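Peer 1: Take this structure first; my questions come after.
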Amino acid sequence: MPGDPNECRANAKQCLREAASARTSTDKLTFETLAQKWLRLAADYDTAQRLVTEWGGPPSLSLAANGEVGAHFAFHPRHKS
């Protein structure tokens, strides 16, 4: 699965270090906001990984190629009256 929640948390820590040494209140707020966003992304990755583990990964390509997966999404044109 793409994305690493630990990397996101490391980025959040770096943003908080930058916020602590910011010269202006605007810069401090910007880095604190970025840290919150990194932490939210890490939490989203954690949740996605739990779901993939619980539900299993995406269907295999061989099933999709055989039409066994997604057949209910087939296109059915409307009949003209």
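Peer 1: Only one residue in T30, T24 is exposed (fewer than 13 other Cβ atoms within 10 Å of the Cβ), of a type in the set (V, I, T) and free of Cβ contacts under 8 Å to residues at least 60 places away in the same chain. Which one?
Peer 2: One residue alone meets the criteria, T24.
Peer 1: Let me ask something else about it. Is there any pair linking a residue in the stretch 5-18 that is farther than 16 Å from L29 by Cα to one that is part of a helix (DSSP H, G or I) and charged (D, E, K, R), with Cβ under 6 Å and at least six apart or on different chains, and which?
Peer 2: Within 6 Å, the pairs are P5/D46.
Peer 1: Still on this model: Quick one: in the stretch 49-81, of everything that is modelled with pLDDT of 85 or more and out of contact with any helix residue (DSSP H, G or I) (no Cβ under 9 Å at 6 or more places or on another chain), which residue is surrounded by the most Cβ atoms within 10 Å (Cβ to Cβ)?
Peer 2: If we take residues in the stretch 49-81 being modelled with pLDDT of 85 or more and out of contact with any helix residue (DSSP H, G or I) (no Cβ under 9 Å at 6 or more places or on another chain), then V52 is surrounded by the most Cβ atoms within 10 Å (Cβ to Cβ).
Peer 1: I need the full set of residues from the stretch 20-34 which are out of contact with any Leu (no Cβ under 8 Å at 6 or more places or on another chain) and in a helix (DSSP H, G or I), in order please.
Peer 2: A20, S25, T26, D27, K28, L29, T30, T33, L34
The values are calculated or read from the model by the stated rules, or taken from the named source; none is laboratory data. Treat the numbers as computed from the prediction; the structure is a model and nothing was measured. Cβ coordinates were reconstructed from backbone atoms using ideal geometry, including for glycine residues, and neighbour counts include every protein chain displayed.
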